[in-house]
Structures are given as C-alpha cells and as structure tokens.
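See structure below.
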Amino acid sequence: MKYSNLFKGIAAGIVLFSITQNSIAQEGLNFSVKGVPQATYMFNSDNADNDNLESETYISAAFGIGAAYNFSENMGISLDALYSLEGDKFELNEAGVKSEILNKYQYVKLPLQFSYNTDPSNSVIFRGKIGPSFNFLTAASAENWDGDEIIDDNKDSYESFVLGVALNLGVGFSLTDALSLDAGIRADYGLTDAISDDVQTSDAEPSFPFTSGLEIGLRYSIK
C-alpha cells in the first residue's frame, strides 16, 4: 500500500500520545476547541507561468478540536483534528473565452506538533507550535464564480492524502485557573502533490495547497 508506512507512523504517534497522556496528565493536559477564518491557495508553477490564467485566494474556514500535554511547563506536544474547507479559484482566458472557476476541496487534517509556551503563571503567554500535518481528502467539487455547479463529485482529480507542515504562532489569555482564550496565526503548506496522477500529464508540475488564517479557540487545562 502506497502510504502503509506513513499510516503505521501515524498510528504509533497516536499510541505514544495516549500512553504518555495517561502517565503525565498532572504535568498539564489540556483540551481545546477552535475555529479558523482562512485564505486558501493552490501553488502550481505551471499555472504561475501561464499568462492566460490568473489565480486568486479563496476565503473559507476550518474548525475542530485538540488535545495536548506538556513535558515541562514550557514544552509539549499537541494533536488537533480539523475540518478544513479550501478552494482553488482562478480565471482562465483561452481563445477570447473567459472562464471563472472555483475548485473546492475539503480535508480532515491531523497536525501533530511540538509546542512551546512562555511562563504559564502569567495572565498572557506566547504560544508556538510546529510539526507535520496528515491531511485526508473528504470531498471535492467544481463550480463557477456565480456558484453554478460544474462537477458535483471531483474527488478523483485529487490525491486522497497530502502530507503537509503546520505552524501556529499566537498568544493565550488566562480567563480562569483552568480556562484560556487563544488567538494567533495558523498556516499549513502541502509537501506532496495534491492532484491525482490520473488527471495530469507526466511532466506536469506538482500542486501544493496552502492555507493561512487567524486561529481562535478556548483551551481547558486539567492539572
């Protein structure tokens, strides 16, 4: 299976997360809910070099839950589960005919990240996270900019899995001893081609999905 070793690694990471969580919960286990207004874009060098094609960012959102624990007061690991609505929006001019197309695709994203925070006893702290993101395609479709459907189910045009990297930088505001409000910048970038080999030529350049947005959430700590 193409991604068997990768899936085994994911499973091992989740098992390690669960075991460690049970053994050091007293060090700072926390759970969170979050939403992300975001801009999405599909990077492709062939499209960038095509004078007849003009790409635009697509505004959408992601939302989900997370769990994390700290190895110490400042460092730890986190695992989120996000549902991300994304799109590739572009205008194509060929032989004097203009087409405005929006390819929509949706992922379940599982970012497993190393985390760092400043002194947790402060009422406001800096928080940062970075690590791999395991992204699983759940749906895809195509429409014009007016919202008229072109293709209802376009999943076959995309790879079912994209490996990416995710970064979060922001601050946390203490609301109570256990509850915090988090806000910051979130971005992730695909490291593997998102487009299926079945719909592109062998010499086509790979396409890498990118999102950036403002992550806002509530975090509950169990001490």
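The values are calculated or read from the model by the stated rules, or taken from the named source; none is laboratory data. Bear in mind that the values here come from a model prediction, so they are computed numbers and not experimental data. Backbone-built Cβ (ideal geometry, glycine too); neighbour counts: all protein chains shown. Just so you know, the surface numbers come from the protein's heavy atoms only, side chains and all, with ligands and any DNA or RNA stripped out. Shrake-Rupley method; radii C 1.70, N 1.55, O 1.52, S 1.80 Å.
For this structure, a couple of remarks:
- Per-residue HN-Hα couplings for segment 57-63 [Karplus 6.51, -1.76, 1.60; θ = phi - 60°; Hz; x = Gly/Pro]: 6, 10, 8, 8, 7, 9, 8
- Max mean-square fluctuation residue, GNM over the chain, Cα-Cα springs under 10 Å, options ASP148, ASP203, ASP188: ASP203
- Comparing GLY96, GLY184, GLY35 in a Gaussian network model of the chain, where Cα atoms under 10 Å apart are tied by springs, the biggest mean-square fluctuation is seen for GLY96.
- Ligands, DNA and RNA aside, ILE151 has an accessible area near 70 Å² when probed at 1.4 Å.
- Angle in degrees between helix 4-23 and the longest Cα principal axis of the chain, rounded to the nearest 10: 20
- Percent RCO, i.e. relative contact order, over segment 144-191, from Cα pairs under 8 Å lying at least 6 residues apart: 36
- Using the Karplus relation 6.51 cos²θ - 1.76 cosθ + 1.60 with θ = phi - 60°, the per-residue 3J(HN,Hα) values for segment 75-83 come to 10, x, 9, 9, 9, 10, 10, 10, 9 Hz, with x marking Gly and Pro.
- Length gained when the stretch VAL33-TYR116 is fully extended (0.36 nm per residue, less Cα-Cα span): 28.0 nm
- What the Cβ-Cβ distance of PHE71 and VAL124 gives, at R0 = 30 Å and to the nearest 0.05, is a FRET efficiency of 0.85.
- For segment 119-133, the residues whose amide N sits under 14 Å from a probe point set 7 Å from the Cα of VAL165 along the beta carbon direction are 129-133.
- For TYR189, the solvent-accessible surface with a 1.4 Å probe is about 80 Å², rounded to the nearest 10.
- For the residues ILE77, ILE101, ILE150, a GNM of the chain with alpha-carbon springs under 10 Å puts the largest fluctuation on ILE150.
- Applying Stokes-Einstein at 4 °C and 1.567 mPa s to the Kirkwood radius of the chain, computed over alpha-carbon pairs, gives a translational diffusion coefficient of 68 µm² s⁻¹.
- Residue (of LEU110, VAL162, GLY147) at the positive-pole extreme of the chain, dipole from beta-carbon charges: LEU110
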